[in-house]
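Written below as structure tokens is the structure these notes are about.
The values are calculated or read from the model by the stated rules, or taken from the named source; none is laboratory data. Everything quoted here is computed from the prediction, not taken from an experiment. We place every Cβ from the backbone using ideal geometry, glycine too, and count neighbours over all the protein chains shown.
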Ligand code: OTU
């Protein structure tokens, strides 16, 4: 098969060359650039298309359509972006100074044109990549925080126009802040023009979605599927009487909410149409595109319809086509699944970047159990990625926290996975006696016993309860808890990502309950409007926000000046106390030793340091012998190592 492709692909390229060239309308330099990239990427694209659609009578036409989409996007790409493509080869991944943040435009500066006003604050946090939550047009009413996209070519009117978004991206980029934009590959909103056409009975667009005339057809899939959002009631299929069908409607596949219609990538028309939208987004100017819900894009009856091999081929095709247009633009994979499956999306020909939900959830696991073993084990055994790829490490996002550790890892450490998850849910929902957390259960599923957790960093870490109880000791402890978690996030592995607001200890927001479009999705409790007054107070040294902001800035200053964190893996070591996480990072003429006490009691750590090391957090000289750590105390030791001659 492979041999056949390596013979056929060059012939196909030969045949397509004049058609593609014509799209550049005489812009010879652009065509030459495109042609050179084509030489590199074509065989991969051919292979992917053939793997998915090679059996079809229209395979050659669909291949052509996909390449035409890339040629058109390349011909249209703006000059400043082409200049950036010329220098941006992804080498920035090797840079320790990369720091990410995420926010909703509506809840941060309100509009695109005011984003540049936030640059000084972002810079004070060393932030140089900003994920703007989906700013695209959405249906009226609930829209899953923008993840129900009605069109990629229009923005939400309250934020500004698509041109204003373009301008803001360009201006932020000039200020050294690359933008991260979403591409929601798995579904569209139920009022996307394709969905509207499908409702109106258009055959071509009906085939864009997974639609079934009767319940019997659904049964081929149903028993194997996981319920992603059980709270909504029902299952992954929604009966729509506004879609014409022989039984007065159709069942539509809706993995997430009923207003998010899953696309059917088994239809090559969908791949090509979505590639056009993706390349449109790429041409808006982001440095990174976040691919939402990557595991779900391919479905076969009788399978879980998650993480299928074909889903990877779809991502690879997107990557290959984007390589023709903007090779410097990186992809970020959002796969919140078993750790073995998470890592498979992170590879140079799929997504160079991947969220690390394992480290995220195990940070929380460690402070709940006062035991760093599972976190240490994950860092030691599950940090490695292919060359040129990086984790995005975070403590929480706009989504819930799921306990995604592997059952087999837990069992190896003598932990019962189901019981442990039940404990963690009770703990972070604040139900467990003595818990410091003020979170809430998200998508509690009594049938399976599964649940996830909502809450801001500060509320989950105990600040909300401590302030409510006006208990200064508990407030101090909560601040330390937040900072030790920040220390792990900034130093352990990958690129740190902050949810804006957490840097000043923003607590849960319950106003979402008054908004009918949000009230039944408690993830809104941890997506509060940005508290600019709170920031001012924190800057003036007032309240726990000031301590959090100061501590985090110190950590980020250390992190961004430490070449050892850029390319190295954490080397985890025993420190003689289960509450203590200790790891080294080595590289580029320096060695770091990070020691963090994840318990609310004093700990003693065995660390091999001597006066040749400096300690960067306290500034105190390093002393040999056991290290006494206060509750949630952390130290970052550094020494210069001479490179081998
Ligand atoms: C993503 O999350 C987004 O981050 C969510 O905000 C969206 O609601 C959702 O997609 C639909 O667009 O289940 O609880 O394995 O777990 O894609 C969050 C990936 C989610 C899924 C993930 C999804």
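Assorted remarks:
- Reported count of residues in region 246-255, each being surrounded by 18 or more Cβ atoms within 10 Å (Cβ to Cβ) and either away from the ligand (no atom under 16 Å from the Cβ) or modelled with pLDDT under 95 (or both), is 2.
- Residue match in region 637-644 (condition: within 30 Å of residue 388 (Cβ to Cβ), out of contact with any strand residue (DSSP E or B) (no Cβ under 9 Å at 6 or more places or on another chain) and either free of Cβ contacts under 8 Å to residues at least 24 places away in the same chain or assigned to a helix (DSSP H, G or I) (or both)): yes
- Exclusive hit being touching a residue at least 40 places away in the same chain (Cβ under 8 Å), within 16 Å of the ligand (Cβ to nearest atom), under 20 Å from residue 127 (Cα atoms) and under 26 Å from the mean Cα position of the chain (by Cα), set 483, 497: 497
- Counting only residues that are touching a helix residue (DSSP H, G or I) at 6+ places or on another chain (Cβ under 7 Å), assigned to a loop (DSSP other than H, G, I, E, B) and closer than 15 Å to residue 394 by Cα, region 335-377 holds 2 of them.
- Residue in region 141-149 that is touching a strand residue (DSSP E or B) at 6+ places or on another chain (Cβ under 7 Å), modelled with pLDDT of 95 or more and more than 16 Å from the ligand (Cβ to nearest atom) present: no
- Scanning region 252-288 for residues that are in a loop (DSSP other than H, G, I, E, B) and in contact with a strand residue (DSSP E or B) (Cβ under 8 Å, 6 or more places away or on another chain) yields 254, 255, 256, 258, 259, 264, 284, 285, 286, 287.
- Selected residue (only one of 166, 153 is in a strand (DSSP E or B), over 24 Å from residue 392 (Cβ atoms) and either in contact (Cβ under 8 Å) with a residue 60 or more places away in the chain or in contact with a strand residue (DSSP E or B) (Cβ under 7 Å, 6 or more places away or on another chain) (or both)): 153
- Complete set of residues in region 605-627 that are surrounded by fewer than 18 Cβ atoms within 10 Å (Cβ to Cβ), assigned to a strand (DSSP E or B) and under 36 Å from the mean Cα position of the chain (by Cα): 614
- Only one of 414, 320, 328 that is away from the ligand (no atom under 16 Å from the Cβ), assigned to a loop (DSSP other than H, G, I, E, B) and within 30 Å of residue 31 (Cβ to Cβ): 328
- Annotation note: of 478, 519, 474, 458, the sole residue that is over 23 Å from the mean Cα position of the chain (by Cα) and within 27 Å of residue 334 (Cβ to Cβ) is 519.
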